[in-house]
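Working notes for the structure below.
The values are calculated or read from the model by the stated rules, or taken from the named source; none is laboratory data. The structure displayed is predicted, hence computed values, not measured ones. Counting neighbours? That spans all protein chains shown, and the Cβs are built from the backbone with ideal geometry, glycine included.
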Amino acid sequence: MTGFDQFTDMDDVWGLTERVESLRALVTSEARAILQSFGPEAASLPGIVNLAHYLALRHHDVRPLQRALMRHGLSSLGRLESRVLPTLDAVLVALAARAGRENVVPLPSADDFFAGERRLEQATDLMFGPPPAHRRSRIMVTLASEAADDPAFVADLVRRGMDIARINCAHDGPEAGVQ
């Protein structure tokens, strides 16, 4: 277990800063190894780099750290999927300001911080086309087994706004798809 996993409520902002710095260094190091497994071109793809950082982060139990950050009014790291390092860097900048220390990392720009969301939106548009004019999100429906035998039911879902259908194969046996 690493130091950031053992955070206690007694630690001060200095100790919390050290733990976030340690987590950032660990995530960065482990992500390099993950990136190597993706192939040589992976390091040049920002989405893949962020995915490697996310996978590295999720190898660790950061719940004690999250609780401590929340207590200080900082990000709980709970929604950093699309921006792992920018979130850790923003937390480090906030902790440095609170502790009266110099920043060890620069504050991420708004472009860097929200780049993952832009990539996700672009990929969504590429996959599903532009969003409907009357709403920002797409509607995904998990089809019930009965939908396989009722094309009119599926057509009605499309008329009502379904953009994509999901088939959950975990509920039926192999005989369900054989007719």
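Tabulated results
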| quantity | calculated |
| --- | --- |
| Candidates 79, 83 - the one that is within 24 Å of residue 109 (Cβ to Cβ) and crowded, with 19+ Cβ neighbours inside 10 Å | 83 |
| Matching residues, region 66-93, being touching a helix residue (DSSP H, G or I) at 6+ places or on another chain (Cβ under 9 Å) and in a helix (DSSP H, G or I) | 68, 69, 84, 85, 86, 87, 88, 89, 90, 91, 92 |
| Selection count, region 11-47, where residues are in contact (Cβ under 8 Å) with a residue 60 or more places away in the chain and either among the hydrophobic types (A, V, I, L, M, F, W, C) or in contact with a Lys or Arg (Cβ under 9 Å, 6 or more places away or on another chain) (or both) | 9 |
| Test for residue 98: is it in a helix (DSSP H, G or I), farther than 30 Å from residue 163 by Cβ and charged (D, E, K, R) | yes |
| Every pair of residues 6+ apart whose Cβ atoms lie under 8 Å, when the first sits in region 69-86 and is on the phi > 0 side of the Ramachandran plot while the second is surrounded by 14 or more Cβ atoms within 10 Å (Cβ to Cβ) and among the β-branched types (Val, Ile, Thr) | 77/62; 77/87; 77/91 |
| Region 5-29, subset of a type in the set (Ser, Thr, Tyr) and modelled with pLDDT of 95 or more, residue surrounded by the fewest Cβ atoms within 10 Å (Cβ to Cβ) | 29 |
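This table checks each residue for (1) free of Cβ contacts under 8 Å to residues at least 40 places away in the same chain; (2) surrounded by 10 or more Cβ atoms within 10 Å (Cβ to Cβ).
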| residue | (1), (2) |
| --- | --- |
| 90 | yes, yes |
| 104 | no, yes |
| 149 | yes, no |
| 172 | yes, yes |
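A quick yes/no check of all residues on (1) among the hydrophobic types (A, V, I, L, M, F, W, C); (2) modelled with pLDDT of 85 or more; (3) over 30 Å from residue 85 (Cα atoms); (4) part of a strand (DSSP E or B):
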residue: 112; (1), (2), (3), (4): no, yes, no, no
residue: 117; (1), (2), (3), (4): no, yes, no, no
residue: 126; (1), (2), (3), (4): yes, yes, no, no
residue: 138; (1), (2), (3), (4): no, yes, no, no
residue: 141; (1), (2), (3), (4): yes, yes, yes, yes
residue: 155; (1), (2), (3), (4): yes, yes, yes, no
residue: 165; (1), (2), (3), (4): yes, yes, yes, yes
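One line per residue, one yes/no per condition, for (1) modelled with pLDDT of 95 or more; (2) under 16 Å from residue 19 (Cβ atoms); (3) within 16 Å of the chain's Cα centre (by Cα):
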{"position": "68", "(1), (2), (3)": "no, yes, no"}
{"position": "74", "(1), (2), (3)": "no, yes, no"}
{"position": "81", "(1), (2), (3)": "no, no, yes"}
{"position": "86", "(1), (2), (3)": "yes, no, yes"}
{"position": "89", "(1), (2), (3)": "yes, yes, yes"}
{"position": "92", "(1), (2), (3)": "yes, yes, no"}
{"position": "96", "(1), (2), (3)": "no, yes, no"}
{"position": "103", "(1), (2), (3)": "no, no, no"}
